[in-house]
Amino acid sequence: MDSSLPVLLDASCGVSDEDSEVKLQGSYCSSLKDTWKVERPLGNSELSYFLPSRASGVNDMYLHLGFVAPEHVVRRARLRMVWAILRTRHPLLASKVVMQGYDDVKFVFSPPQSPEYALVDADCNLEYRTSTKDELIDSYLNGTRTLSNDRLSYLIVSQGGTSLPSPPITPRSPPIDERESPSYNHDIMICAAHFLGDGMALHQFANDFFGLLGGDKTIVELEAQLKEELSSRWGADSSRTAVLPNALEDSFTVSPSKLRSAAEKVDFQLSQRGLVGGHSFRRQTKQPRRTIVPTVSYDPERTKAILKRCKTHGVSVSAAIFAACNIAWAKMCSEKQDLSMMMYSALNLRPYFTVKPANDSYWFLAIGYFNVILPTFIPRSVELSSVFWHRARVAKEQSIQAAKNRMIVSRSLLMAEERGQRARLWAKEDDEKERGTFVPPPPVPAADTALRTPSTALIGLSLLGNLDGIYKHGTFPVIRLHTLTTGSRQRSGGMLLFGYTFAGKLWVSLGYDVNGFDKVMVEQFWENMLQTMDDLL
């Protein structure tokens, strides 16, 4: 049986031992008296994010958006209705994770039995606060974990001190004169586990969310839409055809050829050996993790000038940011200048899918990884600007080569398999340490480690591009988005640099564990980074 296709089983019909293996290959539905559920196992990529998240929410994503809108637009009644519609449309957001073992972890989605159930579920995963943007982000990154295996997504709304009472579940339409009401500043945080999806899903979701929230539909019309979507997607007639979005590994047609499989493994191993990087920030782990996210935005005029300058030199802003990181580090690097500096970034794998999805949701994880490797030294005989733009072009070429490599799918699948295996091993070790039963493995012989080429990445970059291409601001005219910050809960010693354009501005931010690194070194790097952008962009 093709494991890339969902397998549907009705538990009320009984499942023989012969059929039990089929359960692990795809989504299936099971009847439980007057309710039913849809399940599927997590793929390797999802497991590599899920297993490390269990203890403290490592990699739990957030997207903060600051916006101006009339008060009635963000009332709990309307916002809850929109949240319920989108949770119905994207079932992983409303799913739970059930773990029976390191190789037996699955999503479980129980479709709401009625619009009222959908609204109650949405309301349970919605919170109104009176916090500032910085307080919201700090609480999510450094406080008690917001998400859990039973809560894979969550919505937080702050109205800057205005606390509104919760209305009844079935609300009335707002008065007509509210269309003339003044606008106020609001903050919203969309929270989701990383094993549910990636940045592409998160931003597309935010656009759809604001499109419904700030669109011209009344709350009565939104309620009708909820009823229609719930019926068409998860009604009684759907119990034998409903599926969850595919795992990444099930989105490609994989050749059964053993020779091809062997060749792909050799190619993957050779590609990994070419990843040479010998630089890293000095670490310290004496204090608990505390993530901060210093953020800089450039006004629209300055942003236009930067974009024009990049275009003149034949590169994107993303390639220029790779080069800026490189120059920033090279300026402060006095050791190992003979070794290259390596940075890693994510690659959207959706364009490479060959299996038609059975579910139209875009909430799923679909990322691979690639590396950009640049020299560490700065030649004294060449102007710094020339070095900068040359390295930006090299970064562009390496990014294009990664995206267009004909082995990108096999490399991504093999990397996902390797990451999944590592995650299982580390999860088992973590659990054994928690129980006090962990026995350390024997040390690797010194001769083996001495022969290895250093393959250390200095920093990860999440370069999201022009987000104004995703956010269709004209579809929610009563809402004006003005601020966007994104990131995730980090492990101790975590660091990730973000770059994107939004609301006509270029934004650059550095999320890192302030207690996990040499403070002076990181602050010097960030200062060099911003100075390089000011001087050369």
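Worth pointing out:
- Placing +1 on the Cβ of every Lys and Arg and -1 on the Cβ of every Asp and Glu, with nothing else charged, gives region 264-414 a dipole about its Cα centre of roughly 220 debye.
- Dipole-positive endmost among S385, N246, V355 within the chain (Cβ charges, Cα centre): S385
- Evaluating 6.51 cos²θ - 1.76 cosθ + 1.60 at θ = phi - 60° for every residue in region 55-72, the Karplus couplings come out as 6, 9, x, 4, 6, 4, 8, 9, 9, 9, 10, x, 8, 10, 7, x, 4, 5 Hz, glycine and proline recorded as x.
- Working from Cα pairs under 8 Å separated by at least six residues, relative contact order for region 433-537 is 23 percent.
- Beta bridges by DSSP in the chain, antiparallel share as percent, to the nearest 5: 80
- Spin-label model distance (nm) - T354 vs E429, 7 Å beyond Cα toward Cβ: 3.5
- Region 113-153: radius of gyration over Cα atoms, expressed as a fraction of 2.2 N^0.38 Å: 1.45
- Prolate/oblate/rounded call for region 81-159, Cα gyration tensor, a/c under 1.5 rounded: oblate
- DSSP loop GluC sites (Glu not before Pro) with at most 15 other Cβ within 10 Å excluded, longest remaining stretch of the chain: 1-334
- The trypsin sites (Lys or Arg not before Pro) found in region 452-526 that occupy coil by DSSP, while having at most 10 further C-beta atoms within 10 Å, are R452.
- Dipole magnitude for region 266-313: about 240 debye, using +1 per Lys or Arg Cβ and -1 per Asp or Glu Cβ, origin at the Cα centre.
- Backbone phi angles across region 97-111, fed through the Karplus curve with coefficients 6.51, -1.76 and 1.60 (θ = phi - 60°), yield HN-Hα couplings of 10, 10, 10, 9, x, 5, 10, 9, 10, 9, 7, 10, 10, 9, x Hz in residue order; Gly and Pro are listed as x.
- Average accessible area per residue (Å²) across the chain - probe 1.4 Å, nucleic acids and ligands excluded: 48
- Most to least packed among 459-466, 73-80 [average Cβ atoms within 10 Å]: 73-80, 459-466
- J(HN,Hα) series, region 118-129, from Karplus relation 6.51 cos²θ - 1.76 cosθ + 1.60, nearest Hz, glycine and proline x: 5, 5, 5, 4, 4, 5, 5, 10, 9, 9, 9, 10
- The stretch between S148 and K472, if pulled fully straight at 0.36 nm per residue, gains 113.5 nm over its current Cα-Cα span.
- When each of K308/K472; K106/K258; K265/K356; K106/K286; K37/K258 is checked by Cα-Cα distance, pairs over 31 Å: K106/K286; K37/K258
- On full extension, the segment bounded by T437 and R406 gains 6.7 nm, given 0.36 nm per residue less the C-alpha separation.
- Restriction of the trypsin sites (Lys or Arg not before Pro) in region 309-374 to DSSP coil positions whose beta-carbon has at most 16 other beta-carbons within 10 angstrom yields K336.
- Loop-located trypsin sites (Lys or Arg not before Pro) in region 249-301 whose Cβ has at most 14 other Cβ within 10 Å (DSSP): R282, K286
- Expected 222 nm ellipticity per residue - DSSP helices of 4 or more, -39500 (n - 2.57), all of the chain, to 500: -12500 deg cm²/dmol
- Total charge dipole magnitude, the chain, about the Cα centre, Cβ charges on Lys, Arg, Asp, Glu only, Debye to nearest 20: 1280
- Contour minus Cα-Cα distance for S139 and R302 (0.36 nm per residue): 55.5 nm
- Across the options S131, T218, A330, the greatest Cα extent toward the positive end of the charge dipole of the chain (unit charges at beta carbon of Lys, Arg, Asp, Glu) belongs to A330.
- Taking only protein heavy atoms and a 1.4 Å probe, the accessible area of the chain is 52% carbon and sulfur.
- Listed pairs K404/K505; K96/K428; K133/K505; K133/K304 exceeding 23 Å between Cα atoms: K404/K505; K133/K304
- Inter-site label distance for T456 and E71 at 7 Å from Cα along Cβ, in nm: 5.6
- Simple spin-label estimate for Q524 and K265 in nanometres, 7 Å along Cα-Cβ: 4.5
- Long-range amide H partners of F517 with built H, under 5 Å: Q284
- Sites R422 and K96, calculated FRET efficiency, Cβ-Cβ separation with R0 25 Å, nearest 0.05: 0.50
The values are calculated or read from the model by the stated rules, or taken from the named source; none is laboratory data. Just so it is clear, the model here is predicted, and its values are computed rather than measured. Cβ coordinates were reconstructed from backbone atoms using ideal geometry, including for glycine residues, and neighbour counts include every protein chain displayed. Accessible surface is based on the protein model in full, side chains and every heavy atom, while ligands, DNA and RNA are left aside. Shrake-Rupley method; radii C 1.70, N 1.55, O 1.52, S 1.80 Å.
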